[in-house]
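Every number here is computed from the coordinates shown, using simple stated rules; none is lab data. Here the structure is a predicted model, which means the values were calculated and not measured. In this analysis, Cβ positions are derived from the backbone assuming ideal geometry, glycine residues included, and neighbour counts consider all displayed protein chains.
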Amino acid sequence: MFTPDPISRPSGPPASSAPVRDYLATPRPGADVGYVVVPRSLAEAMPLPWQQHMAYLLSEFHQAFSHITWPTYRVVPSRYEKLVDLEDAFRQWRFRHATTVERIIVFKRGTGGTSGVGYLRGMLDVVLFPELWRARTAL
């Protein structure tokens with residue numbers, strides 16, 4: 001319904017012509033100078049209306065910029081993931097070493113005064129970075 005009264009406007013500075021840039025001007029999680037990253041697990045955990053709206057926005061975005069050759073993104077493993085890889089490689093080496101020792105000295109005493117193969121087999125269950133495995137389990 002038409003009224004002769006003027007439309008009330010919010011007080012304060014005028015709206016920006018670059019609201020995304022303004023929002024990201026302050027440090028935000030998942031944003032740096034060149035990229036804004038939303039982890040897939042986080043996007044899929046959003047409430048359904050948010051997911052639907054985000055899917056719509058992404059669709060519009062990709063249609064509007066379909067002429068651009070997009071770079072291939074590669075996830076760089078974190079230092080923690082590299083430590084887990086190191087532990088995996090070390091465990092594989094332990095297993096091969098224990099098997100080789102078993103083939104060579106069978107069940108004789110080890111060179112370091114240990115019980116030999118029995119000691120090496122027991123070391124196969126030792127975890128180098130248990131706190132990383134606990135953190136991965138919690139995630």
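Counting other C-beta atoms within 10 Å, which of SER11, SER78, SER115 has the fewest, and how do the rest follow?
Details: SER11 5, SER78 9, SER115 13.
Least to most surrounded, the residues fall as SER11, SER78, SER115.
For the pair LEU48 and ARG103 in one chain, pulling the backbone fully straight at 0.36 nm per residue adds 13.9 nm over the alpha carbon distance. A DSSP coil position with no more than 14 other Cβ atoms inside 10 Å describes the following trypsin sites (Lys or Arg not before Pro) in the range 37-129: ARG74, LYS108, ARG109.
In plain terms, the residue of HIS97, HIS67 with the fewest other Cβ atoms within 10 Å comes first and the most crowded comes last, giving HIS67, HIS97.
Going by how many other Cβ atoms sit within 10 Å of their own, how do ILE105, ILE68, ILE7 line up, fewest first?
Arranged by neighbour count, lowest to highest, ILE105, ILE68, ILE7 become ILE7, ILE68, ILE105.
Compute the FRET efficiency between SER16 and LEU57 as 1/(1 + (r/R0)^6), taking r as their Cβ-Cβ distance and R0 = 25 Å, and round to the nearest 0.05. Walk me through the numbers before you get to the answer.
Details: r = 19 Å, r/R0 = 0.75.
Efficiency, from the Cβ-Cβ distance: 0.85.
With Cα atoms as the point set, the range 19-64 shows a radius of gyration and Dmax of 12.0, 30 Å. Take the Cα of LEU83, go 7 Å toward its beta carbon, and the backbone nitrogen atoms of the range 124-139 under 12 Å from that spot belong to 128-136.
Binning at 5 angstrom from zero up to the longest distance, how are the C-alpha pair distances of the chain distributed in percent? Once binned at 5 Å, the Cα pair distances of the chain give 2, 6, 8, 10, 11, 10, 9, 8, 7, 6, 6, 5, 4, 3, 2, 1, 1, 1, 1, 0, 0. Loop-located chymotrypsin sites (Phe, Trp or Tyr not before Pro) across the range 71-139 with a Cβ neighbour count of 15 or fewer within 10 Å are TYR73, PHE107, with loop assigned by DSSP.
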